[in-house]
Amino acid sequence: MGPDLVEEIDYLIELLTKSGFFSVGEIIEILEDQFIEEEIDFSNHEISLRDSSNENFSKLEKAFKKLASENIVAIHNCGFDIEEGVSDAFELQVHLLNNKFEAKGFCFYTFEDVEDAVFDDKLKITFGDFENDEAKALEIGKAVARTLKDEGFAIDWDETVNNQIEIDPFNWDKSYDSEKEYEIEGAYEVFTTSQVLE
């Protein structure tokens, strides 16, 4: 194994463990998929999940739950990049509609955003509505920004639909929790529960 490959593997292991979204088994699977050409046995790699405070992540979860109660579906770790995230948000809206729920809009951050948060201490949040209506999308953005500020986050956003909302700084401190679902399954559960409780 060349030094570049070792560095790439170490970087990915650090990112996956620090993200707090994957078990050791899932991390090994991702590594095997990512480096399938190299035929590396990752089962004897030293992978330990970090135990973090969850302080910032808990505040983010709280903000996302509050948004769900305001009819905005908020999705953690939604897709790899924005394009995939938007596609997942619309897929989630279809599931909601099929079950007689309706969200007026969405917000999410992607795995690329998690990577920025882990290594650069900033977290970008994408938002929008489901009808491609700029005025509605802007309302969603304002609601998201307000809710994040209410949780004590410092926000950098120009209040336009063209730019994401950035939480800066954001110290990513999520620990892995096997009991909790994230991504679209978790967002569906949080959203539908918040609607039933109202």
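Descriptive notes on the structure:
- Centroid-to-centroid, using Cα positions, region 1-28 and region 47-103 are 24 Å apart.
- In the list [x] 10.0; [y] 11.5; [z] 12.1, the label attached to mean projected area of the Cα convex hull in nm² as derived from the coordinates here is [z].
- For V118, solvent-accessible area (1.4 Å; no DNA, RNA or ligand), Å²: 20
- Folded to 0 to 90 degrees: helix 111-120 orientation relative to the chain principal axis, Cα: 70
- Net lengthening on full extension, K100/E26 (0.36 nm per residue, minus Cα-Cα): 23.3 nm
- Residue-averaged [θ]222 nm for the chain, counting only DSSP H segments that reach four residues, each worth -39500 (n - 2.57): -17000 deg cm²/dmol
- Residue-level accessible surface for E183, protein heavy atoms, 1.4 Å, Å²: 70
- Dipole magnitude for the chain: about 1380 debye, using +1 per Lys or Arg Cβ and -1 per Asp or Glu Cβ, origin at the Cα centre.
- Springs between Cα atoms under 10 Å define the GNM used for the chain, and in it the highest mean-square fluctuation of E179, E39, E102 occurs at E179.
- When each of K65/K136; K18/K65; K59/K100; K65/K122; K65/K180 is checked by Cα-Cα distance, pairs over 18 Å: K65/K136; K18/K65; K59/K100; K65/K122
- Amide hydrogen neighbours beyond the local backbone of I125, cut-off 5 Å, H modeled: I165, E166, I167
- Cα gyration tensor shape of region 28-72, rounded if a/c is under 1.5, else prolate or oblate by comparing a/b with b/c: oblate
- Compactness relative to 2.2 N^0.38 Å, alpha carbon Rg of region 74-129: 1.19
- Ordered by 1.4 Å accessible area with all protein chains kept, W172, W157 run largest first as W157, W172.
- Accessible-area value, Y188, 1.4 Å probe, nucleic acids and ligands omitted, Å²: 60
The values are calculated or read from the model by the stated rules, or taken from the named source; none is laboratory data. Please read these numbers as outputs of a predicted model, since none were measured by experiment. For neighbour counting, all protein chains shown are included, and Cβ atoms are generated from backbone atoms with ideal geometry for every residue, glycine included. Heavy atoms of the whole protein, side chains included, go into the accessibility calculation; ligands, DNA and RNA do not. Shrake-Rupley method; radii C 1.70, N 1.55, O 1.52, S 1.80 Å.
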